[in-house]
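K.L.:
Sending over a structure as structure tokens; questions will come in a sec.
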Amino acid sequence: MTLEEIKKRKNIVGNVIEEKGIVYKVTIVPKREKDFQDFIKDYLDKENKLELAIACSVNQKFKLCGIWSDGVNILKINI
């Protein structure tokens, strides 16, 4: 999805989801797997996750993920 499309979808889904007792933050991430890996590598160090997603996405296509972190570990689920 384009950035505008994914922003609209995120507004519908909301900011958090819960699955199996874990509360995930709904986050816009790059769609391409390689770009997503680059995004996750810098995820904990960057305050603005949307700017990070835009910078990491080579083709400017995005998806939504639920992301949970304890500051060291990161879990993700596709939305």
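The values are calculated or read from the model by the stated rules, or taken from the named source; none is laboratory data. Here the structure is a predicted model, which is why all the values come from computation and not from measurement. For neighbour counting, all protein chains shown are included, and Cβ atoms are generated from backbone atoms with ideal geometry for every residue, glycine included. These area figures cover heavy atoms from the full protein model, side chains too; ligands, DNA and RNA do not enter into them. Shrake-Rupley method; radii C 1.70, N 1.55, O 1.52, S 1.80 Å.
K.L.:
Could you list, in sequence order, the residues of segment 1-19 that are closer than 25 Å to residue 71 by Cβ and part of a helix (DSSP H, G or I)?
P.N.:
Residues satisfying the conditions are 10, 13.
K.L.:
So for segment 18-41 (the condition being within 11 Å of the chain's Cα centre (by Cα), open to solvent by 50 Å² or more (accessible area, probe 1.4 Å) and within 13 Å of residue 79 (Cα to Cα)), does at least one residue qualify?
P.N.:
The answer is yes; a qualifying residue exists.
K.L.:
Also, I was wondering about something else. Consider only pairs whose beta carbons are under 6 Å apart and that are at least six residues apart or on different chains; among these, list those whose first residue lies in segment 16-41 and is closer than 13 Å to residue 53 by Cβ and acidic (Asp, Glu) and whose second residue is open to solvent by 90 Å² or more (accessible area, probe 1.4 Å) and assigned to a strand (DSSP E or B).
P.N.:
none
K.L.:
If you scan segment 20-79, which residues turn out to be of a type in the set (S, T, N, Q), modelled with pLDDT under 95 and either farther than 16 Å from residue 7 by Cα or assigned to a loop (DSSP other than H, G, I, E, B) (or both)?
P.N.:
Listed by number, the residues that qualify are 69, 73.
K.L.:
When residues of segment 1-15 are filtered for being open to solvent by 90 Å² or more (accessible area, probe 1.4 Å) and in contact with a Phe, Trp or Tyr (Cβ under 9 Å, 6 or more places away or on another chain), how many remain?
P.N.:
Residues that pass the stated criteria total 1.
K.L.:
State yes or no: is residue 60 on the phi > 0 side of the Ramachandran plot and open to solvent by 70 Å² or more (accessible area, probe 1.4 Å)?
P.N.:
In short, yes.
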